[in-house]
Amino acid sequence: MKFILFLVAAISIVGCTTTPPHKFVADPDKKWQQRKTQLSAVNNWLINGRLAVINGHESWHLSLKWQRTGDNYVLDLSGPFGAGHAQLTGSKENVLLVDAEQNYFYADSPDRLLQEVTGLRIPVKSLLYWINGIPDWNVKVDSQRIDAYGRLAELKQSDWKIRFKQYIDIEQHELPQKIFIDGFNLKVKIFIDEWKLKDNVIKSSKDV
């Protein structure tokens, strides 16, 4: 009995040993300007996570794998147990989407292509910036709120409201781990389970 109680106590202690809380900064706005400059240069990464899309009474839960190297990226979305797989491969020039039946679709906009083929309205172009915890610098910022640690907490761009619910320390950066997006009668929740910052080799079903 004593051993069980000790084990429970030990597990509780381990469960509570999360990343220590960050100290408040003297000038959050100044810290934010520094962070924004640093994070703008983070464009080689790989993330694994989950995506929940809610539209009224309908909802979709998807697995997410996203690689980015500079202007090139590959976004893999799949339903439970790999069902309904779609792969979006993008570059500066155009975008290719391959569905589960290996049908190929081309366009110059990832947002429009993804919506036309899958019915999912996800702002992929802006997410390339939001995923780093910064605004899309190609779009006007309607409003933003910086937290006490100099991080982006809320953002409004292009009729989307983005809330950065949680950050995680990855190497020398703090990057988003939970992002909630609302707009156009749609709710998108992104949960990032794994961040990797490195020089990724982009792989896709077909060159764009």
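The values are calculated or read from the model by the stated rules, or taken from the named source; none is laboratory data. This structure is a prediction, so every number in the text was calculated from the model and none was measured. Reconstructed Cβ throughout: ideal geometry from the backbone, glycine too, with neighbour counts over all protein chains shown.
Here are the numbers for the structure shown:
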{"read-out": "Residue satisfying condition, being in contact (Cβ under 8 Å) with a residue 24 or more places away in the chain, within 20 Å of F180 (Cα to Cα) and either touching a Leu at 6+ places or on another chain (Cβ under 6 Å) or assigned to a loop (DSSP other than H, G, I, E, B) (or both), within set L77, L88, L46", "value": "L77"}
{"read-out": "Selection status of I168, in contact with a helix residue (DSSP H, G or I) (Cβ under 7 Å, 6 or more places away or on another chain), of a type outside the set (S, T, Y) and either assigned to a strand (DSSP E or B) or touching a residue at least 40 places away in the same chain (Cβ under 8 Å) (or both)", "value": "no"}
{"read-out": "Qualifying residue in segment 98-119 (condition: of a type in the set (D, E, K, R) and touching a helix residue (DSSP H, G or I) at 6+ places or on another chain (Cβ under 8 Å))", "value": "yes"}
{"read-out": "Of residues in segment 125-143 being among the aliphatic types (A, V, I, L, M) and assigned to a loop (DSSP other than H, G, I, E, B), the one farthest from E93 (Cα to Cα)", "value": "I134"}
{"read-out": "Positions within segment 49-70 being touching a residue at least 60 places away in the same chain (Cβ under 8 Å) and either closer than 21 Å to L39 by Cβ or not in a strand (DSSP E or B) (or both), in sequence order", "value": "G49, G56, L64, W66, Q67, R68, T69"}
{"read-out": "Qualifying residue in segment 104-124 (condition: in a loop (DSSP other than H, G, I, E, B), hydroxyl-bearing (S, T, Y) and farther than 21 Å from D71 by Cα)", "value": "no"}
{"read-out": "Residue in segment 25-38 that is outside any helix (DSSP H, G or I), surrounded by fewer than 18 Cβ atoms within 10 Å (Cβ to Cβ), under 18 Å from the mean Cα position of the chain (by Cα) and modelled with pLDDT under 95 present", "value": "no"}
{"read-out": "Test: residue in segment 139-147 that is touching an Asp or Glu at 6+ places or on another chain (Cβ under 7 Å), basic (K, R), within 22 Å of G49 (Cα to Cα) and modelled with pLDDT of 95 or more", "value": "no"}
{"read-out": "Where E116 falls short, out of the listed (1) farther than 29 Å from H57 by Cα; (2) modelled with pLDDT under 95", "value": "(1)"}
{"read-out": "Residues of segment 144-165 satisfying the condition of being touching a Lys or Arg at 6+ places or on another chain (Cβ under 9 Å), in contact (Cβ under 8 Å) with a residue 60 or more places away in the chain and outside any strand (DSSP E or B)", "value": "Y149, G150, R151"}
{"read-out": "Residue among I47, I54 that is buried (at least 19 other Cβ atoms within 10 Å of the Cβ) and either under 22 Å from F191 (Cβ atoms) or in contact with a Phe, Trp or Tyr (Cβ under 7 Å, 6 or more places away or on another chain) (or both)", "value": "I47"}
{"read-out": "Lone unmet requirement of (1) loosely packed, with under 14 Cβ neighbours inside 10 Å; (2) at pLDDT below 95 for D193", "value": "(2)"}
{"read-out": "Selection from segment 143-154 of residues that are farther than 15 Å from Q33 by Cα and within 19 Å of the chain's Cα centre (by Cα)", "value": "E154"}
